[in-house]
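Below: one structure, written as structure tokens.
The values are calculated or read from the model by the stated rules, or taken from the named source; none is laboratory data. Computed from a predicted structure; not experimentally measured. Here the Cβ positions follow ideal geometry from the backbone for every residue, glycine too, while neighbour counts run over all protein chains shown.
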Ligand SMILES: Nc1nc2c(ncn2[C@@H]2O[C@H](COP(=O)(O)OP(=O)(O)OP(=O)(O)O)[C@@H](O)[C@H]2O)c(=O)[nH]1
Ligand SMILES: [Mg+2]
Ligand SMILES: [Zn+2]
């Protein structure tokens with residue numbers, strides 16, 4: 001029996017689309033997989049490497065290869081089950097907009113902390129630069145300075161100005177990239193410009209609520225002409241996907257983590273401990289108040305989206 005190997009590019013119900021070379025094959029799962037440690041609603045996810053073979057005219061997946069990493073979200077509020085959004089990601093990008101719809105720093109910081117928790121490299125893309133007025137542009141530049149100061153790459157782009165995409169393009173090449181963010185921020189629009197001819201569905205945001213209309217309904221991986229892939233995902237409302245341990249949260253804020261050796265206590269969580277280097281840096285304006293505020297929010301398990 002000849003088996004083949006490929007990467008899952010799309011899953012819809014029982015049909016799993018697997019790409020091998022340039023070819024895409026519609027597969028089903030043979031029997032059922034049981035995956036240790038993850039209580040997930042989906043046995044395979046976009047980005048998974050699988051083995052399959054042909055039985056008559058059917059392509060059947062027999063094996064899931066080890067995952068390098070994966071990102072999950074809770075399938076329902078309060079549910080213990082998770083949905084694996086994607087796996088084997090080299091780089092996760094938060095697609096964000098200061099307006100129409102607005103992405104809060106709470107949402108940005110929760111995304112970055114989640115990526116740190118999963119050890120996935122993360123960057124921020126601010127889109128719709130063509131509609132920023134002076135005040136918004138100043139605000140975006142402030143955020144750009146803040147996040148690049150911490151060590152995250154920040155791109156300011158417009159899907160309507162293809163030149164604005166050159167630095168981003170260079171970074172996407174030859175990697176498996178995930179695009180996430182609120183509905184309506186322009187994830188699919190951006191991918192349409194990066195992959196000419198793709199024509200993903202794009203929907204204007206609601207004029208009444210100024211929010212997106214959930215145009216993309218399932219994750220799908222698309223091949224870049226220069227090499228590499230982008231995973232387009234449905235818009236999400238919140239990034240509260242990970243049950244952080246209180247003592248670990250400081251590990252997910254790199255600029256706080258760098259200060260930890262200077263705190264008096266090596267298990268300092270920077271709330272009210274004496275001799276805390278993070279609190280001192282906050283007082284001296286060396287740590288951003290919004291980062292600190294969002295850190296506390298995560299520590300206290302508050303819902304900070306929007
Ligand atoms: N002015 C302007 N509008 C944009 C830009 N990018 C996207 N849009 C518009 O924003 C709206 C939403 O874009 P989509 O690409 O569907 O957004 P999405 O993030 O994929 O949304 P979901 O699939 O619902 O998560 C559409 O009306 C786009 O035309 C941009 O750079 N500038
Ligand atoms: Mg979309
Ligand atoms: Zn401290």
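Pairs are defined by a Cβ separation below 6 Å, a sequence spacing of at least 6 or placement on different chains, a first member in the range 188-215 that is not assigned by TED's automatic domain parsing to the domain that holds residue 226 and outside any loop (DSSP other than H, G, I, E, B), and a second member that is away from ligand 2 (no atom under 13 Å from the Cβ) and modelled with pLDDT under 90; no pair meets this definition.
Tally up the residues in the range 121-145 that are within 12 Å of residue 91 (Cα to Cα) and surrounded by 19 or more Cβ atoms within 10 Å (Cβ to Cβ), please. Adding up the residues that qualify gives 3.
For residue 230, the conditions (1) part of a loop (DSSP other than H, G, I, E, B); (2) within 16 Å of ligand 1 (Cβ to nearest atom) all hold with the exception of (1). If you check 253, 265 for being within 22 Å of residue 110 (Cα to Cα) and either more than 8 Å from ligand 3 (Cβ to nearest atom) or surrounded by fewer than 17 Cβ atoms within 10 Å (Cβ to Cβ) (or both), only one passes: 253. When residues in the range 273-290 are screened for being more than 10 Å from ligand 3 (Cβ to nearest atom) and not in a helix (DSSP H, G or I), 5 of them pass.
A count restricted to the range 25-48 and to residues that are closer than 19 Å to residue 216 by Cβ and either modelled with pLDDT under 95 or in contact with a helix residue (DSSP H, G or I) (Cβ under 9 Å, 6 or more places away or on another chain) (or both) stands at 3. Within the range 283-293, being over 23 Å from the mean Cα position of the chain (by Cα) and surrounded by fewer than 19 Cβ atoms within 10 Å (Cβ to Cβ) holds for 283, 284, 285, 286, 289. Within the range 289-300, none of the residues are more than 22 Å from residue 104 (Cβ to Cβ), outside the structural domain of residue 122 (by TED's automatic domain parsing) and at pLDDT 95 or above. So, residue 273, is that one exposed (fewer than 13 other Cβ atoms within 10 Å of the Cβ), more than 16 Å from ligand 1 (Cβ to nearest atom) and either at pLDDT 95 or above or not assigned by TED's automatic domain parsing to the domain that holds residue 286 (or both) or not? Here the answer is no, as residue 273 does not meet what is asked.
Evaluating residue 244 against the criteria (1) outside the structural domain of residue 171 (by TED's automatic domain parsing); (2) surrounded by 20 or more Cβ atoms within 10 Å (Cβ to Cβ); (3) under 21 Å from the mean Cα position of the chain (by Cα) leaves one unmet condition, (2). Restricting the range 237-252 to residues that are part of a loop (DSSP other than H, G, I, E, B) and under 20 Å from residue 90 (Cα atoms), the residue that is modelled with the highest pLDDT is 239.
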